[in-house]
1. Compare Lys33, Lys15, Lys120 by solvent-accessible area with a 1.4 Å probe and give them largest first, with all protein chains kept in place.
2. With r defined as the distance between the Cβ atoms of Lys92 and Trp223 and R0 fixed at 45 Å, what FRET efficiency is calculated, to the nearest 0.05?
3. With r as the distance between the Cβ atoms of Ser156 and Trp183 and R0 = 35 Å, compute the FRET efficiency 1/(1 + (r/R0)^6) and round to 0.05.
4. Mind checking the angle between helix 206-217 and the chain's longest principal axis? C-alpha axes, 0 to 90 degrees, to the nearest 10.
5. Would you work out the relative contact order for the range 26-164, in percent, from Cα pairs under 8 angstrom that are 6 or more residues apart?
6. Counting only protein heavy atoms and using a 1.4 Å probe, what share of the accessible area of the range 42-182 belongs to carbon plus sulfur, as a whole percent?
7. In this model, which of Lys33/Lys92; Lys120/Lys147; Lys92/Lys147 are farther than 21 Å apart at the alpha-carbon?
8. Taking 8 Å as the Cα distance limit and 6 or more residues as the minimum spacing, I'd like the relative contact order of the chain as a percentage.
Amino acid sequence: MITGASGGLARAVAKQLADHDWRLALITRYAGKLDIGSYDERQAIIEADVSTSSGAASAFEQCVDRLGQAPTALINCAGSVLMSPLHRTREKHYRKCMQANLDTSFFTLSAFVNACLERKQAGVAVLVSSVTARIGVGNHEAVAAAKAAVESLARSAAATYSKHQIRVNAVAPGLMRSPATEWLFSTANNTRQLEAQYPLGRYGNVEDVASTIAWLASDEANWITGQVLPVDGGFTAVRPLQRAV
Ligand SMILES: NC(=O)c1ccc[n+]([C@@H]2O[C@H](COP(=O)([O-])OP(=O)(O)OC[C@H]3O[C@@H](n4cnc5c(N)ncnc54)[C@H](OP(=O)(O)O)[C@@H]3O)[C@@H](O)[C@H]2O)c1
């Protein structure tokens, strides 16, 4: 099950998992936003808003109806990117940010572990955090707080459900070029500035993060749980030499 299915990261994850023969339940709030022609019968497009408990439950019920089974893997790509300094962040933007990032993670993970426990089946979940949860990045207070909560959620759930063979991990991406961030690349100079922030000399692509998610969801990672894996070109790990001008 992949949530936020119309988004840049979700589409890349869906492609990589489909290439590895996964059957996919693609969850979106607006099915009309997905190009149905590009999906095959091993994939169900399911309309649900997973930012509520009832919406998440509906996504799982529809998945069983359409694919004949509950998901064995959950990838919660639903989320948002909010660049706004704390003193300018209105309550409605804060609430929307928590809803998109934390509520979707909480309610989909809750529905997922319930489905696994009911069926006594193993499972794997991957949540999506951000570098902003791990290091102070200016003007990201709301999303930083939401993603830090997502990371804690992943660790606590990993502890609770490891005895049921349910693995829970997260990835923490740096900047990925996607529909959510395209506006940042409006000029060549802006693009160069963004590239310069990353020790490996480039910003990320959704494919960089999708391949890590696909690996965490695979059996190759079956001894990994409770981890948050940064996928960020070195942004949170190394500090390049700063030159005085
Ligand atoms: N892009 C970056 O640089 C970056 C960096 C770090 C972390 N991330 C995280 O990576 C994930 C994917 O980002 P992306 O770049 O692919 O963004 P995106 O293209 O905007 O996709 C996110 C998707 O989440 C769903 N969504 C948004 N608000 C929602 C809400 N309130 N309730 C339920 N679903 C909602 C939407 O899908 P539907 O309309 O289909 O439901 C949307 O297309 C997000 O969690 C984001 O925070 C992104």
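The values are calculated or read from the model by the stated rules, or taken from the named source; none is laboratory data. Just so you know, these numbers come straight off a predicted model, no measurement behind them. Using ideal geometry, Cβ is built from the backbone for each residue, glycine included, and neighbour counts are taken over all protein chains shown. Ligands, DNA and RNA are excluded from the accessible area calculation, which covers all protein heavy atoms including side chains. Shrake-Rupley method; radii C 1.70, N 1.55, O 1.52, S 1.80 Å.
1. Working: Lys33 100, Lys15 125, Lys120 185 Å².
So, going from the largest accessible area down, we get Lys120, Lys15, Lys33.
2. Details: r = 43 Å, r/R0 = 0.95.
About 0.55, to the nearest 0.05.
3. Numbers: r = 35 Å, r/R0 = 0.99.
Computed FRET efficiency for Trp183 and Ser156 comes out at 0.50.
4. 40 degrees
5. Values: 185 pairs, mean separation 33.9, N = 139.
Reported relative contact order: 24 percent.
6. Details: 3300 of 6410 Å².
With neighbouring chains kept in place, the figure for the range 42-182 is 51 percent.
7. Numbers: Lys33/Lys92 25 Å; Lys120/Lys147 30 Å; Lys92/Lys147 18 Å.
Lys33/Lys92; Lys120/Lys147, as the Cα separations exceed 21 Å there.
8. Details: 447 pairs, mean separation 48.2, N = 245.
Reported relative contact order: 20 percent.
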